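The structure under discussion appears below in the form of structure tokens.
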């Protein structure tokens, strides 16, 4: 019964995450159309540093809380659960106050030496209250997830996103006449406003669920033991998240400066950076809704196969996951490549970014494979392996950015090529790590030939549908939707006919299981 409850909870959380990502994409597109690439560029210069501070502040404690609470819930040790939550809340409370103070003290130095554009000072200042709010909120989320009660987290996520979108658009609209800097500051502030309401919702749900306190008893846990367990659980998690976020922050530090070396002014560099991060990267990240869900489902599946010491099952699940990711990525990449001009025009009103989207499409399949292979490696109990691979690949990416972006003939296109190099390198290193750890096999020639046939059919169908839509004089956005839906359905049908996709593959997407006619 408990496992079924956990599955339903996970489904709720996955659904909420999917809704949030969809709303987040719509919000990004609307904000880009409203404040333009310069405003997005200002915000994206600040955001990675803000996330980095949050990671240092929370130090992986929320995830440790989730794991420890789940362990003691299985033993019905509610006394230990209460103690774990209180210790975590105490630690994060004082940690958030400390790092908020440190950030305020270092504020002028960060603006002067870290951020490329000094206009980000207001935008960065607007995010500082979020250090306290988000840190405490994350402890409550970890606590509820440990209890397998996903509804509070899912509800808070949706509330947070709705408030963020509403307040963000209103603030940007009313502040834009006063300058692009204030409009970007409004977008930054909206995230904190959303987090505040989400945190409030978590507190209300916590008080409702614990009006009489947690029932039951159990063994007493010493604070020293809890701190020791926190450290053991948090160290690898925090190291991985810190390094990956630090690398994104380095991108925000280096790219505008190399654009300036290519001859762009400060304002032009910020605008161009905003186009790259706000349009090109955002667009190719859409399929991650599927790949992240698959990666999340893989962690327990791979861990289960390893626990049973079933190498055949382990290799089979790894092979199938890579194959499904590869097949799911191809039509998205083709669609983005063929219709880059139309998509950037009608979604973002930025047709000039189409060239960057087409370049990133060359590496996009590898981006999606990175997420899947990372999920497999985490399931194998090797969370630091993909981090190491990411560091190696990021060094290559930074070298590419440094050399290519400063070339006036390439400029931001050099950055895009560097990201493609990063995607290919990280995916290849992850696959090699899997081959070493689980004897993973790359897709066979017959699989590649069948998938190539499916893509050729999709190209042909897309060309025919495009011509028909032009003949019928349909509004172009409607044409794009029709081509996408019919093209993807035909592609999926071909995959089923050729046996490249099976019922078992579809079941791997946890959020689809509820709707499957077969089990």
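Read the figures in this text as sums done on the coordinates, not as results from a lab. Because the structure is predicted, anything quoted here is derived from the model rather than measured. Every residue, glycine among them, receives a Cβ derived from its backbone with ideal geometry; neighbour counts consider all protein chains shown.
Quick look at the numbers
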| quantity | calculated |
| --- | --- |
| For the range 1-221: relative contact order, % (alpha-carbon pairs under 8 angstrom, 6 or more apart) | 32 |
| 32, 173 arranged by Cβ crowding within 10 Å, fewest neighbours leading | 173, 32 |
| Highest average packing first - 33-43, 322-332, Cβ atoms within 10 Å | 33-43, 322-332 |
| Equivalent-ellipsoid semi-axes of the range 1-221, from the Cα gyration tensor, Å, largest first | 35, 21, 13 |
| Where labels lie 7 Å past Cα in the beta-carbon direction, separation of residue 476 and residue 231 in nm | 6.1 |
| Ranked list, fewest to most other Cβ atoms within 10 Å of each Cβ, for 23, 68, 432 | 432, 23, 68 |
| Virtual spin-label span in nm between residue 206 and residue 257, 7 Å along Cα→Cβ | 4.0 |
| Burial ordering of 234, 361, fewest other beta-carbon atoms within 10 Å first | 234, 361 |
| Ranked packing of 162-171, 201-210, most packed first, by mean Cβ within 10 Å | 162-171, 201-210 |
| Projected label distance in nm at residue 149 and residue 79, using a 7 Å step from Cα toward the beta-carbon | 2.1 |
| Additional length obtainable on full extension of the chain from residue 98 to residue 316, 0.36 nm per residue less Cα span | 73.7 nm |
